[in-house]
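The values are calculated or read from the model by the stated rules, or taken from the named source; none is laboratory data. Bear in mind the structure is a predicted one, so any value in this text is a computation, not a measurement. Note: ideal-geometry Cβ built from the backbone for every residue, glycine included; neighbour counts use all protein chains shown.
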Amino acid sequence: MFHRIRRRAKKPSEAQRRSTELHAQLQGQVPPGIGVPAPEPQSVEPAAIVDDFLPPELRVPSHDQVEGKMMPWKQPLVLDGEMATCAECGAYRDWLILSTRGEIWLRCRAGHQQQETRIDTAWFNRHSRPADATHATFEDGLRHLGY
């Protein structure tokens, strides 16, 4: 049985023969465009300058134009295994978290504020949602969030 397989393998198949012939035909050919100099670039007229910015009423201020950001945090805030509580009234939920000048501040419902050093602006950015409004004053922002 193995003798028959080896004997058949010695002769090239029809597909191998056609492939060899095609390879021999294409051996000396060069693809079109090779060796031909590239055409000179044509002069292009400059495009008209268009003001593609949004109108002023639709623009959102950049981070350096905003004094700070705030977000509500209704559930208890657990940091490093401890629940954050207000130093003055003992509140432990319904926080307003403020991010300003690289610092994080917590504000309880009673209006007491305390700096929180266990969280940073990266934490704030991960947990906050996109801004739904901008406000001219801090008090306007508090009213908007119901504080």
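Taking the criterion of being surrounded by 13 or more Cβ atoms within 10 Å (Cβ to Cβ) and over 17 Å from P61 (Cβ atoms), the residues of the range 124-144 that qualify are F124, L142.
Checking the condition at pLDDT 80 or above, out of contact with any Pro (no Cβ under 6 Å at 6 or more places or on another chain) and under 18 Å from L142 (Cα atoms), which residue from P72, P76 passes?
Details: P76 fails: under 18 Å from L142 (Cα atoms).
Result: P72 is the single residue among P72, P76 that is at pLDDT 80 or above, out of contact with any Pro (no Cβ under 6 Å at 6 or more places or on another chain) and under 18 Å from L142 (Cα atoms).
Tell me whether the range 52-63 contains one or more residues that are touching a strand residue (DSSP E or B) at 6+ places or on another chain (Cβ under 8 Å), under 30 Å from A133 (Cβ atoms) and hydroxyl-bearing (S, T, Y). The answer is no, given that none of the residues of the range 52-63 is touching a strand residue (DSSP E or B) at 6+ places or on another chain (Cβ under 8 Å), under 30 Å from A133 (Cβ atoms) and hydroxyl-bearing (S, T, Y). Only a single item in (1) surrounded by fewer than 10 Cβ atoms within 10 Å (Cβ to Cβ); (2) within 23 Å of the chain's Cα centre (by Cα); (3) not aliphatic (A, V, I, L, M) is not met by P61, and it is number (1). Taking the listed residues P46, P55, the one that is under 27 Å from the mean Cα position of the chain (by Cα), more than 25 Å from H127 (Cα to Cα) and loosely packed, with under 10 Cβ neighbours inside 10 Å is P55, with no other qualifying.
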